[in-house]
Amino acid sequence: MRMSRLLSLRIAALSSVVLVAAVALATWQAHGDVEDETRAARQIGLLLDALGALQDAPPDAVSQRLRALEDTLRDGHLRHLRVRIREAGGRELAANPPPPASRLEDWLLPRFAAALPAPAAAATHWDLRTRDGRRFEVAMQVDPSSEQREALAGLLEMFGVLVLFGALVLLAGYLTLRQVLAPLRGILHAIDGYRHQDYRRRAPLGRSDELNAVAGALNHLADELADAQEARRVLSARLLTLQEDERAHIARELHDEFGQVLTAMRADAAWLARQVRDRPDLSAVAEELRSHCERASLDVRNLLQRLRPPAQGDGDAVPLRRMLEALVAGWQARPGLDLRVRLAFELDEDPPQPLALALYRISQEALTNAARHARAGEVRVRLCRDAAGALHWEASDDGVGLATPATESGEGNGLAGMRERVWAHGGEIVFEPARPGATRPGLRIRARFARPRASAAG
């Protein structure tokens, strides 16, 4: 159903209910007004009967008839008339009180009466004589206050009904819009998830054709984006695997070819140094050549360590604990480097090979970044699992931290490569200060892997 029609039907239905309620209330009020007028007319009749009974009362019943007349006047149902009864030239015996009113009516009535003044009406006086010769003065005058009060009460009731009707219509419209547009909250929730690359969320369907079309398009887009993201993740994982294979191949070539050549050169340099001991000029050159060969061998060894993790072996199994321990030991043994590395390996078993290699590489990059860029004095690396089985990796240092957002994007320090590796294995990575607000806030890198992706490199 189209949204305009659905809204119109809902608002019309709710407005009809409110209108019926308002008509019922007005009918009930009219019924009450008719009853008031009927009681007032009956009270006038009773007043005339009481006056006639007083006039015809025997002497011993005059006092009783006066009390009955007073009760009739004080009943409160007499309207439109002000009646007073006095003894001839004496005190007032009875009078009907004004109708009761609220404080609001007492405050509004003079202003209402001033705005709509009633025509002046003279009082009617006549003498009433009883059989025993007593004379009473009866004064009767039209009293517009009761009608003014009734008109004021009608206006107030009408105003209240209109306000109530308007409030109910607004409430009905609000509830209708809230119900009809309820799927929008789900659509916005889904869009927020898409902004954070969470394509598992789905926009809910409702009763509006327009919103259903939007939700359907968003769900289709989410499916397409999820497929594209998964394909890109698989491709990235394959590229990383190929990169590891190429590194291993280069490492073997360096070890088998260049390593043997360097070993032979070191042996030749040592032999040459022994042969020219009696020639100081040649001996110095030979010793320098031997020193160059040793430095080249050390550089090749370090390069091989970066290309192919130590303790990996030639099989498919990747002993992550031994690899990380060897990595930490290598950093600790570097001459001239004042960097303390702490490793907390709290995993019961090593993760699958692709993920283990990724964890090794991001640990390697975290240590390199802390030593070369952050000028850190201590680095802590920790691996563990939570109760849900998710794998957590964390590296924190006490260095200078990330200076600018461009630094976090990985320009020149490999953080972008870490983000790419974590993403390729279905994980999430966060870069944050280790000590916010400190002069050297350091850097904490946290990665979470919901489950090992053993087939990611397939």
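When residues in region 7-42 are screened for being at pLDDT 80 or above and touching a helix residue (DSSP H, G or I) at 6+ places or on another chain (Cβ under 7 Å), 0 of them pass. The sole residue among ARG39, ARG5, ARG67 that is among the basic types (Lys, Arg), within 30 Å of ASN212 (Cβ to Cβ) and in a helix (DSSP H, G or I) is ARG5.
Starting from residues that are within 26 Å of ALA237 (Cβ to Cβ) and assigned to a loop (DSSP other than H, G, I, E, B), keep the ones in region 352-388 and report whichever is modelled with the highest pLDDT. Among residues in region 352-388 that are within 26 Å of ALA237 (Cβ to Cβ) and assigned to a loop (DSSP other than H, G, I, E, B), the one modelled with the highest pLDDT is ASP386.
Among the numbered conditions (1) assigned by TED's automatic domain parsing to the domain that holds GLU230; (2) exposed (fewer than 13 other Cβ atoms within 10 Å of the Cβ); (3) at pLDDT below 80, the only one that LEU155 does not meet is (1). Report yes if some residue within region 344-351 is touching a Pro at 6+ places or on another chain (Cβ under 6 Å), assigned to a helix (DSSP H, G or I) and under 30 Å from ALA231 (Cβ atoms); otherwise report no. Taking every residue of region 344-351 in turn, none turns out to be touching a Pro at 6+ places or on another chain (Cβ under 6 Å), assigned to a helix (DSSP H, G or I) and under 30 Å from ALA231 (Cβ atoms).
Kindly evaluate ARG84 against the criterion of being in contact with an Asp or Glu (Cβ under 8 Å, 6 or more places away or on another chain) and outside the structural domain of GLY206 (by TED's automatic domain parsing). Taking the combined requirement at face value, the residue satisfies it.
The values are calculated or read from the model by the stated rules, or taken from the named source; none is laboratory data. A quick note: this is a predicted structure, and the numbers were derived from the prediction, not measured. All Cβ positions, even for glycine, are placed from backbone atoms using ideal geometry, and neighbour counts span all protein chains on display.
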